[in-house]
Amino acid sequence: MTSTLTISHLTKAFGGVKALSDVSLAVEPGERVALLGHNGAGKSTLMKVILGLIAPDGGEITVCGAAPGKARSQVAYLPENAAFHSALTGLEQITYYMRLRGEPVSGAMELLDRVGLGHAAKRRIGTYSKGMRQRVGLAQALIGHPRLLVLDEPTSGLDPVSRRDFYELLDGLAADGASILLSSHALTEVEARTDRLLILSGGRMVAEGSLPELRREAALPVSMQITALNGYVTDIMSALPDAIRLNGGLHLSCTQEDKLATLARISAMQEKVADLEVIPPSLEDIYSHFSRRDGQ
Ligand SMILES: Nc1ncnc2c1ncn2[C@@H]1O[C@H](COP(=O)(O)OP(=O)(O)OP(=O)(O)O)[C@@H](O)[C@H]1O
C-alpha cells in the first residue's frame with residue numbers, strides 16, 4: 001500500500017526558533033491520525049509544509065506521491081477559523097468554491113446535505129451558528145473527493161452533538177479511503193475517534209502510536225481506589241502500607257509491573273473490601289509524560 005503522506009527527517013526553523021526538528025511520519029489511506037502538541041509545538045508549521053505553503057529547510061516529504069503543493073487538488077485543508085463572506089448563502093459559497101476547483105456545481109446541494117446543512121443551504125452564512133460555519137468549511141474541504149484532509153482543530157468551539165456528527169462524517173470518509181490528519185487539544189475526543197496519535201513537543205515528534213501503545217511505552221503508575229467495609233480500614237492499610245486515606249476511601253498507586261500482584265493482595269482481603277476501582281493513567285497524564293520528557 002502506498003502511503004498518502006510520507007515525511008522523513010523534516011526540519012524547519014524561523015530565525016533561531018526550531019519549529020520542526022527531524023520529524024518523520026507516514027499516514028496510510030483510510031487512516032485517521034491526530035496531531036497533538038502544546039501551543040508552539042509545531043503543528044501548524046507541519047501542516048503548512050504538507051500543504052506546500054512553506055518550504056522545509058531539510059528532509060523529504062511526499063503528498064499523494066508528489067511534492068507538497070503539486071498534489072493540491074487531492075489535498076483539502078480546513079483552517080481552525082474558516083472565514084466566509086457573511087452575505088453569501090451556504091449554497092452560493094460552495095458553488096463558488098466548486099467553480100474555482102473546476103468541479104461541476106450540480107453536486108453542491110448534495111455536498112451540503114452530506115454535512116447536514118441542506119435545510120439551511122439558502123440562508124446567508126451571516127445567520128449561521130459556529131457549528132454550521134464549521135460544516136460549510138468541511139463541505140468546502142470535501143469538494144473534489146480529496147485523498148488527504150488536513151484539519152486544524154476542526155472541532156474547537158463545537159457542541160458535543162456537532163462533534164459527534166463531525167467525527168461520524170470523518171469516519172465515513174476514512175472508510176472510503178481518505179486519510180485524515182487533524183490537530184487538536186481535545187485529548188479525550190481524539191483518543192476515541194482516531195486510529196493513531198502523534199505528539200509533537202518543541203518541534204520534535206516525541207511519541208507516536210495508538211493509545212494502548214503509548215500507555216504501555218509511558219508505563220505510568222495505575223491508581224486504585226479502595227472502599228473498605230465498616231471497621232476494616234486499618235486492616236487494609238496494614239496489609240497495603242502504601243495506601244493513603246483519600247476522599248473517604250483508600251488510594252493506592254502502583255507500577256504497571258506490580259499491578260497484578262497488588263490486585264491479588266486486595267482480592268485476598270475481599271471480605272473486608274466493599275468496592276475497588278482501578279483507574280488507568282488518563283490521556284492527559286500520558287500526554288504530559290511525553291511532553292515533559294522533551295524538557296517542556
Ligand atoms: N512565520 C513565523 N515566523 C517566526 N516564527 C514562527 C513562524 N511560524 C511559527 N513560528 C514559531 O514556530 C514555533 C511553532 O509554531 P506553530 O504555529 O507551528 O505551533 P502550533 O503547534 O501550531 O501552536 P498552536 O497550538 O498555538 O497553534 C513557535 O515557536 C512559533 O512562534
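The values are calculated or read from the model by the stated rules, or taken from the named source; none is laboratory data. Since the structure is predicted, the reported quantities are computational estimates derived from the model, not experimental observations. For neighbour counting, all protein chains shown are included, and Cβ atoms are generated from backbone atoms with ideal geometry for every residue, glycine included.
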Query - Counted residues, the stretch 114-135 - those being in a helix (DSSP H, G or I) and either modelled with pLDDT under 90 or buried (at least 19 other Cβ atoms within 10 Å of the Cβ) (or both) - result: 9
Query raised in the report: Across the stretch 35-53, what is the total count of residues that are of a type outside the set (Ser, Thr, Tyr), near the ligand (Cβ under 8 Å from one of its atoms) and either touching a strand residue (DSSP E or B) at 6+ places or on another chain (Cβ under 7 Å) or assigned to a loop (DSSP other than H, G, I, E, B) (or both)?
Result: 9
Query raised in the report: Is it true that some residue in the stretch 151-158 is within 16 Å of the ligand (Cβ to nearest atom) and of a type in the set (A, V, I, L, M, F, W, C)?
Result: yes
Query raised in the report: What residue, among those in the stretch 1-34 that are in contact (Cβ under 8 Å) with a residue 24 or more places away in the chain, hydrophobic (A, V, I, L, M, F, W, C) and more than 16 Å from the ligand (Cβ to nearest atom), is farthest from residue 170 (Cα to Cα)?
Result: 1
Query - Selection status of residue 124, under 13 Å from residue 89 (Cα atoms) and either assigned by TED's automatic domain parsing to the domain that holds residue 52 or of a type outside the set (S, T, N, Q) (or both) - result: yes
Report summary line: Taking the stretch 13-34 and keeping residues part of a loop (DSSP other than H, G, I, E, B) and within 15 Å of residue 181 (Cβ to Cβ) leaves 28, 29, 30, 31
Report task. Considering (1) closer than 28 Å to residue 35 by Cβ; (2) out of contact with any Gly (no Cβ under 8 Å at 6 or more places or on another chain); (3) in contact (Cβ under 8 Å) with a residue 40 or more places away in the chain; (4) not hydrophobic (A, V, I, L, M, F, W, C), say which one residue 145 fails and leave the rest. Result -> (3)
Query raised in the report: If you check 151, 138, 158, which single one turns out to be surrounded by 16 or more Cβ atoms within 10 Å (Cβ to Cβ) and without any contact (Cβ under 8 Å) to a residue 60 or more places away in the chain?
Result: 158
Query raised in the report: Does the stretch 90-100 contain any residue that is touching a Gly at 6+ places or on another chain (Cβ under 9 Å), within 15 Å of the ligand (Cβ to nearest atom) and assigned by TED's automatic domain parsing to the domain that holds residue 151?
Result: no
Report task. Report, by residue number, each residue of the stretch 68-85 that is farther than 12 Å from residue 48 by Cα and surrounded by fewer than 16 Cβ atoms within 10 Å (Cβ to Cβ). Result -> 70, 73, 80, 81, 83, 85
Report summary line: Pairs returned, first residue in the stretch 205-220 that is within 16 Å of residue 36 (Cα to Cα), second residue that is outside any helix (DSSP H, G or I) and of a type in the set (Val, Ile, Thr), beta-carbon separation under 6 angstrom, 6 or more apart or interchain, are 205/23; 206/199; 207/199
Query - Test for residue 93: is it crowded, with 17+ Cβ neighbours inside 10 Å and touching a Phe, Trp or Tyr at 6+ places or on another chain (Cβ under 7 Å) - result: yes
Report summary line: Log entry, pairs with first residue in the stretch 283-296 being of a type in the set (D, E, K, R), second being at pLDDT below 85 and assigned to a helix (DSSP H, G or I), beta carbons closer than 6 Å, six or more apart or on different chains, reads 284/187
